[in-house]
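**Q** One structure coming up, written as structure tokens, with questions to follow.
Every number in this text was worked out from the coordinates using simple rules, so none of it is lab data. Since the model is a prediction, treat every value here as computed from it, not as a measurement. Every residue, glycine as well, gets a Cβ built from its backbone with ideal geometry; the counts of neighbours run over all protein chains shown.
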Amino acid sequence: MKITDVKVLITCPGRNYVLLKIETDQPGLYGWGDATLNGRELAVAAALRDHIAPLLIGRDPGRIEDTWQYLFRGTYWRGGPVLMTALAAVDLALWDIKGKVAGLPVYSLLGGPTRASAMAYRHCDGRDAQEIADNIRAAQALGFKAFRAQVDVPSTSSFPNTTWVDRTTYSQPFEDAPYLRAIPALFEYLRQELGDEPLILHDVHERLTPIQASQLAGALEAYHPLFLEDPIRPEHKESLRLVRQNSRVPLAMGELFNHRWECLPLITEQLIDYVRVDIAHIGGISEARKIAVMAEAYHIQMAFHGPPDVAPITHAANVHVDMAIPNFGVQESSIFPVEIEDVFTGGPWLENGHLHVSDAPGLGTDVDEQAAARYPYHPTEYLPTLRRADGSVQDW
Ligand code: CS2
Ligand code: MG
């Protein structure tokens with residue numbers, strides 16, 4: 001069997017998505033991959049169109065690992081979010097094809113199910129603690145057991161906070177001191193209101209220094225969060241040692257990592273408890289599976305990144321891997337814009353707070369290309385910039 005065509009499709013059904021279709025010489029046999037890198041979509045599209053697609057034509061789509069090694073090591077330039085998102089898209093499309101050839105869902109190719117579904121957590125963000133508690137109660141009524149709690153910290157600067165903006169020029173304020181007071185107060189309120197049972201996590205989004213992250217983790221211990229996500233920036237990972245020494249709060253990290261070697265020190269030193277890599281940015285299912293195997297040896301669980309800025313194809317891949325691995329922790333779930341249903345079919349679905357995938361061959365997802373064409377790319381869908389009160393840049 002041979003790859004005959006590789007197409008890149010860019011669409012914006014409420015969010016920008018870059019999709020990859022790999023076609024074969026078998027009539028009607030193709031695979032879909034997700035090449036979306038939020039805010040840098042066209043860089044990945046160009047990498048695929050101009051550099052990677054020509055290398056794939058004529059190759060055997062069944063040779064997933066060899067293609068992965070060829071694109072990662074064999075073409076010399078490797079790593080980084082752009083190339084690893086492109087590689088992930090190829091990897092997902094090839095697993096999709098392999099499943100279709102075998103007549104099996106991808107989780108079956110990965111060793112078969114170890115569980116019936118993947119426990120999901122729901123974003124329950126709010127303007128204040130009361131709104132978050134209400135959102136958690138509403139999610140509990142739907143069957144969710146795990147929740148992410150993010151609160152608006154009262155504005156600490158005079159930067160505008162409008163709802164719709166050109167994100168190339170938009171910034172939001174952030175100050176560490178009010179933030180460090182607000183999060184423990186939020187958890188105290190949530191435990192008082194909701195009791196000990198709900199699994200509640202918080203995403204720091206890389207905004208703290210190691211000693212501040214240590215203070216926050218220590219202050220949250222009494223409220224036993226499910227985990228504290230991305231407490232520090234990803235560049236100097238060894239700084240997590242300080243956070244670890246100072247608290248027993250479970251830690252999670254990984255959405256900004258691009259390959260297994262970035263995870264390695266955190267795994268072998270047991271500096272985190274959950275690996276949060278993004279299957280769409282880490283080179284796909286092949287790489288995610290290897291990371292899960294490394295983590296399993298150290299009793300570390302997987303909690304794959306699942307934001308609405310990656311397409312339902314990646315969300316399906318998340319759940320296929322979650323279903324197969326023994327060290328699954330929890331799966332981030334997202335609420336997508338409604339238009340998404342015009343373009344994508346067969347993605348994972350929620351039932352009683354758990355994500356399910358069908359047993360359709362491959363990843364089970366498909367794309368309506370005509371519908372996708374009705375939603376043109378939105379060029380300024382960038383992440384906002386955070387700035388301190390003095391105007392300086394802060395990690396978003
Ligand atoms: C977040 C993401 O889901 C998460 O954990 O950190 O929403 C992140 O902000 C976006 O994926 C950035 O594109
Ligand atoms: Mg995050």
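**Q** Please determine, in degrees from 0 to 90 and to the nearest 10, the orientation of helix 129-141 with respect to the longest principal axis defined by the Cα atoms of the chain, where the helix direction is its Cα long axis.
**A** Computed tilt is about 50 degrees.
**Q** Quick check: residue separation of Asp342 and His356 times 0.36 nm, minus the Cα distance between them. What number comes out in nm?
**A** So the extension gain works out to 3.0 nm.
**Q** Report the relative contact order of the chain, percent, no decimals, based on alpha-carbon pairs under 8 angstrom and at least 6 residues apart. Present the calculation step by step, with values, prior to reporting the outcome.
**A** Values: 857 pairs, mean separation 90.8, N = 396.
Reported relative contact order: 23 percent.
**Q** Using the alpha-carbon atoms, what tilt in degrees (0 to 90, nearest 10) does helix 176-194 show relative to the longest principal axis of the chain?
**A** Roughly 90 degrees between the two axes.
**Q** Additional query: When the distances between all Cα atoms of segment 197-263 are binned every 5 Å from zero, what whole-number percent does each bin get?
**A** Answer for segment 197-263: a P(r) of 3, 19, 31, 25, 14, 7, 2, 0 percent.
**Q** Out of the GluC sites (Glu not before Pro) in segment 1-67, which ones are loop residues according to DSSP with at most 16 other C-beta atoms within 10 Å?
**A** Values: sites: Glu23, Glu41, Glu65; in loops: none.
Within segment 1-67, no GluC sites (Glu not before Pro) qualify (loop, at most 16 other Cβ atoms within 10 Å).
**Q** Shifting gears a bit: How big, on average over all directions, is the shadow cast by the Cα convex hull of segment 3-104, in nm²?
**A** Details: hull surface 25.7 nm².
That works out to 6.4 nm², a quarter of the Cα hull's surface.
**Q** What is the Cα centroid distance between segment 267-285 and segment 196-251, reported in whole angstrom?
**A** If we compute the Cα centre of each part, the gap is 16 Å.
**Q** Please report the antiparallel percentage of DSSP beta bridges with both residues in the chain, rounded to the nearest 5.
**A** Numbers: 22 of 45 bridges.
In the chain, approximately 50 percent of DSSP beta bridges are antiparallel ones.
**Q** Gain in length, Ala182 to Leu199, computed as 0.36 nm per residue apart minus the alpha-carbon separation, to one decimal in nm?
**A** 4.2 nm
**Q** Given +1 on the Cβ of Lys and Arg, -1 on the Cβ of Asp and Glu, and no further charges, what dipole in debye does the chain carry about its Cα centre, rounded to the nearest 20?
**A** Numbers: 34 positive and 51 negative charges, 150 e Å.
In debye, rounded to 20, the chain gives about 720.
**Q** Please give me, ordered by residue number, the trypsin sites (Lys or Arg not before Pro) of segment 106-142 that lie in loop per DSSP and have at most 14 other Cβ atoms within 10 Å. Mind showing how you got there, number by number?
**A** On the way: sites: Arg115, Arg122, Arg127, Arg137; in loops: Arg115, Arg127.
For trypsin sites (Lys or Arg not before Pro) across segment 106-142 that sit outside H, G, I, E and B with at most 14 neighbouring Cβ atoms in 10 Å, the list reads Arg115, Arg127.
**Q** Let me ask another. Using DSSP to define loop residues, name the chymotrypsin sites (Phe, Trp or Tyr not before Pro) in segment 46-139 whose beta-carbon has at most 14 other beta-carbon atoms within 10 Å. Before the final figure, lay out each step's value.
**A** Numbers: sites: Trp68, Tyr70, Phe72, Tyr76, Trp77, Trp95, Tyr107, Tyr121; in loops: Tyr76, Trp77.
Counting only loop positions with at most 14 other Cβ atoms within 10 Å, the chymotrypsin sites (Phe, Trp or Tyr not before Pro) in segment 46-139 are Tyr76, Trp77.
**Q** Hey, in the GNM for the chain with a 10 angstrom Cα cutoff, which one of Ala213, Ala222, Ala292 fluctuates hardest?
**A** Among Ala213, Ala222, Ala292, the largest GNM mean-square fluctuation belongs to Ala222.
**Q** Let me ask something additional. Cα-based Rg (one decimal) and Dmax (whole number) for the chain, in Å?
**A** 20.7, 62
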